[in-house]
Amino acid sequence: ENPNRYYDSNKIKTTKYTILTFLPKNIYEQFHRFANIYFVVIALMNFVPVLNAFQPEVSVIPICVIMAITSIKDAWEDFRRYKLDKEINHMGCYIYSR
């Protein structure tokens, strides 16, 4: 009898994202950081004529750069996890049987 007959596979998956879910999940995770919310609020307040300190378009650049760098870092880390998972899933294994 096969000891794994009730399981489809024994694959390991530690990645957070897929190609389709990367952008929505990453934006969701980034807006759970208080600093990102703070800088977006400051950038939005700068579009109000009474409150603006400098050109409104310039206030958006720092938060866009920070979020882009963080997205690239998260994508790279997830890709490395994917490659490691693939390597581990293709390794041979021993099956213990009596």
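Observations on the structure shown:
- Using θ = phi - 60° in the Karplus curve 6.51 cos²θ - 1.76 cosθ + 1.60, the 3J(HN,Hα) couplings for the stretch 30-45 round to 5, 7, 8, 8, 4, 4, 5, 5, 4, 5, 5, 4, 4, 5, 5, 5 Hz; x is entered for Gly and Pro.
- The chain, accessible surface, carbon-and-sulfur percent (1.4 angstrom probe): 67 percent
- For the stretch 21-85, the dipole from Cβ point charges (+1 on Lys and Arg, -1 on Asp and Glu) about the Cα centre works out to 140 debye, to the nearest 20.
- Cα-based radius of gyration of the chain once divided by 2.2 N^0.38 Å, which approximates compact folds: 1.77
- The angle between the Cα long axis of helix 56-89 and the main principal axis of the chain comes to about 0°, on a 0 to 90 degree scale.
- Surface per residue (accessible, 1.4 Å probe) for the chain, Å²: 89 Å²
The values are calculated or read from the model by the stated rules, or taken from the named source; none is laboratory data. All values reported here derive from a predicted model rather than from experimental measurement. Glycine also receives a Cβ, built like all others from the backbone with ideal geometry; neighbour counts cover every protein chain displayed. Keep in mind that these areas ignore ligands, DNA and RNA; they rest on the heavy atoms of the full protein, side chains included. Shrake-Rupley method; radii C 1.70, N 1.55, O 1.52, S 1.80 Å.
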